[in-house]
Amino acid sequence: MKRVFLIVLDSLGAGQMPDAPVFGDRDCHTLKRIAGSKKFAFNSMKKMGMGNIDGQEFLPREEKPLAAVARVAELSCGKDSTIGHWEIAGVVSPAPLPTYPDGFPPEVTEEFTKLTGRGILLNKPYSGTDAIREYGREHMETGKLIVYTSADSVFQIAAHEDIVPVETLYEYCRLARNMLQGKHGVGRVIARPFVGTPEEGFTRTYNRRDFSLEAPEETVLDRLAAEGKTVYGIGKIEDLFAHRGLTKSIHTGSNTEGMAKALEALDLDFEGLCFVNLVDFDAKYGHRQDVDGYAAAFAEFDAWLPSFLAKMRDEDVLMITADHGCDPGDSHTDHTREYIPLLICGKPVKPLNLGTIEGFATIAATVADYLGSSYKCGSKSLLPVIAKPSKDEKALVKAALEAMEKSYSPYSGFKVGAALLAENGKIYSGCNIENAAYSPSVCAERTAIFKAVSEGVSSFKMLAVCGGKGGKVKGVFPPCGVCRQVIAEFCSPDMPVLLISGRNSFERTTFGSLLPGAFSPSFMGKSDAGK
Ligand code: THU
């Protein structure tokens, strides 16, 4: 049962992106900042290879890391949690969520008043406690709603529970949520009920409720859930995705609780994704500019990690990443436009350094690919690069190398081997066979295909090829154009092809990328291979 555990260390940026100044950020690097604190500990994450990630030269490197690692650039225009998580889940946002430093425009306030039949007070970015202290009395006397915002993309409605019953306030929030879409699609509409009197003071109640914006397109969560897989959200994942695409979710109060729930999730039998957000890094330490607190929270995670790794099953994959930066030591309390770190480990994964990658959606593509989902987004899966060789792949590589030894190539001295894995599980291999008259020579791939077809087998699921002067394999060997055309007759574009690059190494590709737009049987009125 394949499971992916995707843990987001909220705001743990891996250094500023080149466009950070456009977002008002200079000299920000969340990880570097906290690594300078005495509270910082770096043991398990060192072993994972976090210090090998591009731009983390201030950290000790690991010779034999446990994880495949990368630094990942954000393609969306934004630096908030919602947009960051959406991109991780496959959806890129070309525009940031709207903010209202001067309050909401008349088109919004007038429409809202029409919908609720109530006027509006305040309408500015404001502290929530100041809002009810200063406007609570007028609200009680007039029944007008206290509407305010913050530096974030939020539309907040405060109302006294005796003036506007909580359920009515939620209904107003739903009306606002429906209204605030597109250009005015704020990240969250928030109900802020309170109690008390003007004389004795007001206090907010625990009936706060968030109404999040839905992702504008299908996410990998949606698709996995539709395909019958488990999608388990831990922490604020359910808020970030407006509860969409989750088959199970639990809200947690702290990093410690989130980590405990993630550990418990390892004991559940499911196939799918467990998506965890650890929000304390951002909410408790990043925004509050508490470098030591942030570093201590990182140390807690670092110390917890071995307990998680020890419980992982053979088919489990763990991904650790972030959604944006929030450098606790820079000049402002806001998020910072940074790269995110990505660490992927587990038995199915080959540790290696992937350098710098464009697009958080790489994560969605990789999750989908590993779980066998049909989800597609703008980014490519890392699986072809990071997956350890399977049994089939090993057998096919071996067969191709053995076939190469039999090459009959007295004229070119160039030995080629090919091996095809048929749908029936059998392997058909072949070598190149040259001829004194040259043109009757035949390539290894065609030898293998013709051998199989002449034995009544013509559906294949994988191909491996190798070749080199004197039988020395030095780098990948790509099939010639004629062979590609013959392969197109029998193999579908998504069939994996292994390009063997050495005795123990190969690159994965697909037949479709070797010959895009092939002249295939369908042009002759026959069905294509695999159709
Ligand atoms: N060859 C193959 O076997 N497969 C290919 O895809 C390209 C070339 C062989 C043909 C010839 O014997 C030698 O490599 C040099 O061209």
Exactly one condition in (1) under 30 Å from Ala262 (Cβ atoms); (2) loosely packed, with under 14 Cβ neighbours inside 10 Å; (3) among the basic types (Lys, Arg) is not met by Lys183; state its number. (1)
Based on what the data block shows, is Leu268 under 19 Å from Ile234 (Cβ atoms), at pLDDT 95 or above and surrounded by 20 or more Cβ atoms within 10 Å (Cβ to Cβ)? no
Regarding Glu489, is this residue at pLDDT 95 or above, surrounded by 15 or more Cβ atoms within 10 Å (Cβ to Cβ) and more than 16 Å from Leu396 (Cα to Cα)? yes
Answer yes or no: is there a residue in region 89-104 that is in a helix (DSSP H, G or I) and either on the phi > 0 side of the Ramachandran plot or not β-branched (Val, Ile, Thr) (or both). no
Among the residues of region 138-167, write down those that are in contact with a Lys or Arg (Cβ under 9 Å, 6 or more places away or on another chain), assigned to a loop (DSSP other than H, G, I, E, B) and not hydroxyl-bearing (Ser, Thr, Tyr). Gly143, Lys144, Asp152, Val164
Going through region 401-452 one residue at a time, which ones are in a helix (DSSP H, G or I), closer than 14 Å to Gly471 by Cα and away from the ligand (no atom under 11 Å from the Cβ)? Leu401, Glu402, Glu405
Checking the conditions here, which among Gly293, Gly329 is of a type in the set (Gly, Ala, Ser), assigned to a loop (DSSP other than H, G, I, E, B) and outside the structural domain of Ala151 (by TED's automatic domain parsing)? Gly329
Restricting the search to region 469-479, which residues are under 17 Å from Arg446 (Cα atoms), surrounded by 17 or more Cβ atoms within 10 Å (Cβ to Cβ) and in contact with a helix residue (DSSP H, G or I) (Cβ under 8 Å, 6 or more places away or on another chain)? Pro479
Within region 464-485, of all residues that are part of a strand (DSSP E or B) and within 11 Å of the ligand (Cβ to nearest atom), the one farthest from Pro496 (Cα to Cα) is Lys469
I need the full set of residues from region 191-206 which are aliphatic (A, V, I, L, M) and either closer than 18 Å to Glu134 by Cβ or modelled with pLDDT under 95 (or both), in order please. Val195
Which condition from (1) on the phi > 0 side of the Ramachandran plot; (2) outside the structural domain of Thr129 (by TED's automatic domain parsing) is the one that Gly182 breaks? (2)
Going through region 408-430 in order, the residues found to be surrounded by fewer than 22 Cβ atoms within 10 Å (Cβ to Cβ) and either in contact with an Asp or Glu (Cβ under 6 Å, 6 or more places away or on another chain) or not aliphatic (A, V, I, L, M) (or both) are Tyr408, Ser409, Pro410, Tyr411, Ser412, Gly413, Phe414, Glu423, Asn424, Gly425, Lys426
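The values are calculated or read from the model by the stated rules, or taken from the named source; none is laboratory data. For clarity, every value in this text was computed on a predicted model and none was experimentally measured. Quick reminder, even Gly has a Cβ in these numbers, built from the backbone with ideal geometry, and neighbours come from all protein chains shown.
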